[in-house]
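The values are calculated or read from the model by the stated rules, or taken from the named source; none is laboratory data. Being a predicted model, the structure only gives us computed values, none of them experimental. Because the Cβ atoms are built from the backbone with ideal geometry, glycine has one as well, and the counts that use them run over all protein chains shown. Keep in mind that these areas ignore ligands, DNA and RNA; they rest on the heavy atoms of the full protein, side chains included. Shrake-Rupley method; radii C 1.70, N 1.55, O 1.52, S 1.80 Å.
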Amino acid sequence: MVKKGDRLFLYKESSEYVTMPVSGTITNISPVTGNTGEAVTCLTLETNTNQEGDNEFAGYADTPDIASAAEYLQGIPGNPPLKLLADPGCRVTKIIINAVDADLVSTTQQFVMTRFRDNIGKGVDLLKRLTGIQDIMIALPESMSKLGAFGGMNLIKISCDYTDSLPEIIIQKHLGIFKAPRKSFEDTGICFLSAEAVFALVDSYDRKEPVYEKFIGVTDKNGNTTRVKATIGTPIHRILTQLGIEAVEKDRVIIGGPLRGISAYTLYHPVLPDMDTIIIQASSEIPVISDYPCINCGNCIRICPANVPVNLLVRYLEANLYQDAADSCDMLSCIECGLCSYVCRANIPIFQYIRLGKRELIKLESEIETEAENA
């Protein structure tokens, strides 16, 4: 039996935990392999009718501090990086609240920014109090920046060009900061939080309990989008059933947008803290994916915002030469915009190859490091 708000740790001495969004009984614990081979643990929960839980966070809500926020609010909607900000060695000096959505079709962050803009203003003050960081900026679409409600806020105005919405491009174009490969945003002194993450923080402190309901845009096979509010952990099939959307065999369920999204292999895939969009694509509308070799049309090179030689890179990735892909073709400079796959005339899933290549390179380097330590 678990109660709403309980924290489940991976093992006894672990600092990593998952918070129970509902009360119920755990009926199954099973290992699951993700899209690019990552290992995760899946908990199946049978919910109770009584959803009252132990709310330890209430005792800290009136005196906000980053340590208690990291202890009780990890994994709320938007998945704010509270553990990072609570680290005594944290090098972040600037926070950017990102109200620009990460992919086409997705509008969750813009919705939150428009609907709850007063909370975003409160969120700026809350973040300053929690972290002590005073340099907080808000990145939002240029069209929204003209609204009077955002007057007085420190704004970064983002153009309607898709690539301008990506964090690496935002800091390069507007702050003159370049994030080098293998470096994190923290290494540049910057931390990004989504607009929904900031809203969820404010809402948690206002209600004096962690919030677990997040906003998701669901697009059906006809391209119609419905905004829903779902509890984190809810299986996708329950949302689709509630909306009267049927997903049959060979239809595709996409988590995220059309350029950067991933396919869900089961309708029992849970709603996650950073899940903003679900797209149901009819089997007849799914683009053809091929294993044809690159035809050197050059489309991917011309469109790549990071100037990666994609046509050469994909050859190394197809041959599983991940270290060579990084050393010779600058794979780690890829900012994962997804445009290369979109324009590929040979229908090669380049974007997925690159994501897999990065993950496999991390595993390879970890194995080499372990062998060196044991030698």
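Within the stretch 12-59, no residue satisfies the criterion of being among the hydrophobic types (A, V, I, L, M, F, W, C) and on the phi > 0 side of the Ramachandran plot.
If we keep just the residues of the stretch 305-315 that are in contact with a helix residue (DSSP H, G or I) (Cβ under 7 Å, 6 or more places away or on another chain) and assigned to a helix (DSSP H, G or I), which is surrounded by the most Cβ atoms within 10 Å (Cβ to Cβ)? Applying the filter and picking the extreme gives Val310.
Filtered by the rule that a residue be part of a loop (DSSP other than H, G, I, E, B) and open to solvent by less than 30 Å² (accessible area, probe 1.4 Å), the stretch 85-94 gives a lone residue, Val92.
Counting only residues that are modelled with pLDDT under 85, more than 30 Å from Lys363 (Cβ to Cβ) and touching a Leu at 6+ places or on another chain (Cβ under 9 Å), the stretch 21-57 holds 0 of them. Of everything in the stretch 16-36 that is in contact (Cβ under 8 Å) with a residue 12 or more places away in the chain and not in a strand (DSSP E or B), the residue that is most open to solvent (accessible area, probe 1.4 Å) is Asn35.
Is there a residue in the stretch 259-273 that is out of contact with any strand residue (DSSP E or B) (no Cβ under 7 Å at 6 or more places or on another chain) and of a type in the set (S, T, N, Q)? Yes: the stretch 259-273 contains one or more residues that are out of contact with any strand residue (DSSP E or B) (no Cβ under 7 Å at 6 or more places or on another chain) and of a type in the set (S, T, N, Q). Within this structure, Leu104 passes the test of being under 23 Å from Val218 (Cβ atoms) and modelled with pLDDT of 90 or more. Restricting the stretch 316-329 to residues that are loosely packed, with under 15 Cβ neighbours inside 10 Å and not acidic (Asp, Glu), which is nearest to Arg355 (Cα to Cα)? Here the answer is Asn320.
Any residue that is part of a helix (DSSP H, G or I), modelled with pLDDT under 95, more than 30 Å from Val211 (Cβ to Cβ) and open to solvent by 40 Å² or more (accessible area, probe 1.4 Å) - is there at least one of those in the stretch 285-298? Looking through the stretch 285-298, at least one residue is part of a helix (DSSP H, G or I), modelled with pLDDT under 95, more than 30 Å from Val211 (Cβ to Cβ) and open to solvent by 40 Å² or more (accessible area, probe 1.4 Å). Considering only residues in the stretch 237-258 that are modelled with pLDDT of 95 or more and among the aliphatic types (A, V, I, L, M), the one that is most open to solvent (accessible area, probe 1.4 Å) turns out to be Leu243.
So, in the stretch 222-277, exactly how many residues are in a loop (DSSP other than H, G, I, E, B) and of a type in the set (A, V, I, L, M)? Qualifying residue count, the stretch 222-277: 10.
Being touching an Asp or Glu at 6+ places or on another chain (Cβ under 9 Å), modelled with pLDDT of 90 or more and open to solvent by less than 60 Å² (accessible area, probe 1.4 Å) is a property that Ile66 lacks. All conditions in (1) of a type in the set (A, V, I, L, M); (2) open to solvent by less than 20 Å² (accessible area, probe 1.4 Å); (3) assigned to a loop (DSSP other than H, G, I, E, B) hold for Ile280, with the sole exception of (3). Of the residues Ile303, Ile289, Ile262, the single one that is touching a Leu at 6+ places or on another chain (Cβ under 9 Å) and in contact (Cβ under 8 Å) with a residue 40 or more places away in the chain is Ile303. Looking only at residues in the stretch 39-84 that are among the small types (Gly, Ala, Ser) and in a helix (DSSP H, G or I), the one that is nearest to the chain's Cα centre (by Cα) is Ala70.
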